[in-house]
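The values are calculated or read from the model by the stated rules, or taken from the named source; none is laboratory data. Keep in mind that this is a model prediction, so the values were computed, not measured. Please note: Cβ atoms are built from the backbone with ideal geometry, for glycine as well, and neighbour counts cover all protein chains shown. The accessibility values were calculated without ligands, DNA or RNA, using every heavy atom of the protein model including side chains. Shrake-Rupley method; radii C 1.70, N 1.55, O 1.52, S 1.80 Å.
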Amino acid sequence: LAAFAAAPIAGAGPMETDMTAMRLALPGFVIPFLFVYWPSILLIDGVDAFRLAWSILVFAAATWMIVTGLGRFQARRLPAWEAALRIAAAVLALYPSYWPSAIGIAGAIALTVLHVRAGLPAPKQKGTAGAAPQQAGEESS
């Protein structure tokens, strides 16, 4: 309801504002599922350090993939296929078993690394192929 009140302030349509608000709030709905499927994060009944660390890693990876997948942005605009893969990686990461979660987390790391590497500028070539021509009287180093 608040999105409909915010729409005139933002100068946008009420449904567009509502959908954007829902998309931004969706990662918050993941937390209760994390408590159900990975109860070690609640720190109850003698917590195993590995399970706690795994739960935190699952939560961080799933949240990051949901946020970047639904927002379709991480340092630059994401294509639809990459956003869909990010959502799939988040679902796998939240699966309440170690192997599917490990696959989801590995997919999340791979997607993030590939996206960052694809956005880096190409390395400069060594050698003289792209060097500026020397003017008369200059010494070569």
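Where in the chain is the longest stretch that carries no trypsin sites (Lys or Arg not before Pro) classed as loop by DSSP and with at most 10 other Cβ atoms within 10 Å?
My reading of the result: 1-75 is the longest stretch.
Keeping the other protein chains in place, figure out the carbon and sulfur percent of the accessible area of the chain, with a 1.4 Å probe.
Here it works out to 70 percent.
Return the tail of the calculated pair distribution for the range 43-99, meaning the percent of Cα-Cα pairs more than 17 Å apart.
Percentage above 17 Å: 44.
Given that just one value was derived from the coordinates, which of (1) 125; (2) 153; (3) 226 is volume of the Cα convex hull per residue in Å³?
Of the labelled values, this structure produces (3).
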